[in-house]
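Engineer: Take this structure first; my questions come after.
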Amino acid sequence: MEGDPVETAGTDDQLAMLDTSVAHSARLWNYLLGGKDNFAADREAAQQVLAFLPELVQSARFNREFLGRAVRLLAGEAGVRQFLDIGTGLPTADNTHQVAQATAPDARIVYVDNDPMVLVHARALLTSSPEGATDYIDADVRDPAAILDAAARTLDFDRPVAVMLLGILNFVTDDDQAREIVATLTKAVPAGSYLVISHPTREVSPEAVDRAVAMWNDGGAAPMTVRDPAEIARFFAGGWELVEPGLVTCSQWRPDGNDTTPASEYAAVARKIN
């Protein structure tokens, strides 16, 4: 399959990095959320999965709604003013900085992603209220030390930080490596910080999810895995206290009039207590 022409603005170097012939998770998710920053390979992969996992559109929406509810809680009741959002994806509506700064205009947000198209769109993510700040880091989740070093330009790691890992740890297929990444990131933040994770599971539609993952991994894109709730819960082990209702399907985490149909995406928010 030949790649689509790129119609978005960016430097020649940034655009040259785009491989539009292979589906990419950020662009596929953008398509599922109704965005326009995707290509034929992304749409084809999405349609193939949707043929036997039609709930994927719903899961994408539920995950986005969970992000909004979690950030509103943290910026509001919890008083968090700093957010490190890793695996940002392409900007759509209700990005982390928009939700946080609507409640707390002085909130500071650092986005992290390594997709060239996200880099092209970084300026859209870098808007901010006058009182707050946003930054974007071109980095891989597998290099948490580099992320922390760059994020320190904008965030004060002596004050609470919300570390957000939504739909990204599933692309770190080795369990030990994934846990080490989370440990490195969370060791860098003080007590009173928060960890926000969403992760695909097999809990709702196991056979369809297994088929979807196999199809994705066979397609040449970055490999991914699913984990069961017990495995996801291990990311919060040691010094973390889960915020009610704990680890649940993302649609049922503190619902606020939203659809609570179970989805194949589990999520939780936890507070660092020591």
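The values are calculated or read from the model by the stated rules, or taken from the named source; none is laboratory data. Predicted model only: the values in this text are computed from it and were never measured. Quick reminder, even Gly has a Cβ in these numbers, built from the backbone with ideal geometry, and neighbours come from all protein chains shown. Just the protein is used for accessible areas: all its heavy atoms, side chains included, with ligands, DNA and RNA removed. Shrake-Rupley method; radii C 1.70, N 1.55, O 1.52, S 1.80 Å.
Engineer: Step through the residues of the range 66-75 one at a time and calculate ³J(HN,Hα) from phi using the Karplus curve (6.51 cos²θ - 1.76 cosθ + 1.60, θ = phi - 60°), rounding each to whole Hz and writing x for Gly and Pro.
Structural biologist: Ordered by residue, 3J(HN,Hα) equals 4, 3, x, 5, 5, 5, 4, 4, 5, 6 Hz.
Engineer: Moving on. Just reorder 158, 259 by solvent-accessible area, largest first, 1.4 Å probe, all chains present.
Structural biologist: Values: 158 135, 259 60 Å².
Result of the area sort, largest leading: 158, 259.
Engineer: I've got another one for you. Which value at 222 nm does the chain reach when only helices count, each DSSP H run of 4 or more adding -39,500 (n - 2.57), with the total divided by all residues and rounded to the nearest 500 deg cm²/dmol?
Structural biologist: Per the formula, -10500 deg cm²/dmol.
Engineer: For the range 27-155, what relative contact order do you get, as a whole percent, if you take Cα pairs closer than 8 Å and at least 6 residues apart? If you can, show how the numbers build up before the last one.
Structural biologist: Values: 190 pairs, mean separation 25.1, N = 129.
For the range 27-155, the relative contact order is 19 percent.
Engineer: Next up: Limiting things to C-alpha atoms, what are the Rg and the maximum Cα-Cα separation (Dmax) for the range 115-216, in angstroms?
Structural biologist: Just the Cα atoms of the range 115-216 yield Rg and Dmax of 16.1, 48 Å.
Engineer: Residue 194's amide H: which non-local residues (gap 5+, or another chain) put their own amide H closer than 5 Å, with H modeled 1.01 Å from N in plane and none for Pro or chain starts?
Structural biologist: Hits under the 5 Å cutoff: 161, 162, 163, 272.
Engineer: Leaving ligands and nucleic acids out of the surface, order 168, 197 by accessible area at 1.4 Å, largest first.
Structural biologist: These residues rank, largest area first, as 168, 197.
Engineer: Still on this structure: Convert 20 °C to kelvin, take the viscosity as 1.002 mPa s, use the Kirkwood radius over C-alpha pairs of the range 218-274 as Rh, and evaluate the Stokes-Einstein diffusion coefficient in µm²/s, rounded to a whole number.
Structural biologist: On the way: Rh = 13.0 Å.
For these conditions, the coefficient is 165 µm²/s.
Engineer: Could you please report the charge total around residue 253, scoring K, R as +1 and D, E as -1 over all other residues with beta-carbon less than 13 angstrom from its beta-carbon?
Structural biologist: -1
Engineer: Sticking with this one: Take every Cα-Cα pair in the chain and report what % of them are more than 36 Å apart.
Structural biologist: It works out to 9 percent of all Cα pairs.
Engineer: Would you kindly state the longest site-free stretch of the chain, with sites defined as trypsin sites (Lys or Arg not before Pro) in a DSSP loop (not H, G, I, E, B) surrounded by at most 11 other Cβ atoms within 10 Å? Each step should come with its number before you reach the end.
Structural biologist: Values: sites that count: 36, 153.
For trypsin sites (Lys or Arg not before Pro) (loop position, at most 11 other Cβ atoms within 10 Å), the longest site-free span of the chain is 154-274.
Engineer: While we're here: If you put +1 on each Lys and Arg Cβ and -1 on each Asp and Glu Cβ, how big is the dipole of the chain around its Cα centre, in Debye rounded to 20? Kindly include the intermediate steps, with their values, before the conclusion.
Structural biologist: Numbers: 22 positive and 40 negative charges, 170 e Å.
Computed about the Cα centre, the dipole is about 820 debye.
Engineer: In whole Å, largest first, what are the principal axis extents of the Cα atoms in the range 173-274?
Structural biologist: The principal-axis extents, from largest down, are 41, 36, 19 Å.
Engineer: Expressed as a whole number of Å, what is the distance separating the alpha-carbon centroids of the range 158-172 and the range 96-151?
Structural biologist: 12
Engineer: Is any residue of the range 82-113 close enough, with backbone N under 17 Å, to a label point placed 7 angstrom from the Cα of residue 159 along the Cα-Cβ axis, and if so, which?
Structural biologist: So the set is 82-85, 97, 100-111.
Engineer: In percent, what relative contact order does the chain have, based on Cα pairs under 8 Å that are 6 or more apart in sequence? Please list the in-between numbers first.
Structural biologist: Values: 516 pairs, mean separation 46.7, N = 274.
Averaging sequence separation for qualifying contacts and normalising by length gives 17 percent for the chain.
Engineer: OK, next. Anyone know which of 160, 223, 200 comes out most mobile in the 10 Å Cα GNM of the chain?
Structural biologist: Looking only at 160, 223, 200, the biggest GNM fluctuation is shown by 223.
Engineer: Tell me, what is the 1.4 Å probe accessible area of residue 140, in Å² to the nearest 10?
Structural biologist: 50
Engineer: For residue 68, what charge total do you get from the other residues with a beta carbon under 10 Å from its beta carbon, if Lys and Arg give +1 and Asp and Glu give -1?
Structural biologist: Result for the local shell: 0.
Engineer: A follow-up question, please. Kindly sort 186, 127 by accessible area of their heavy atoms, largest first, with the probe set to 1.4 Å.
Structural biologist: If we order 186, 127 from most to least accessible, we get 127, 186.
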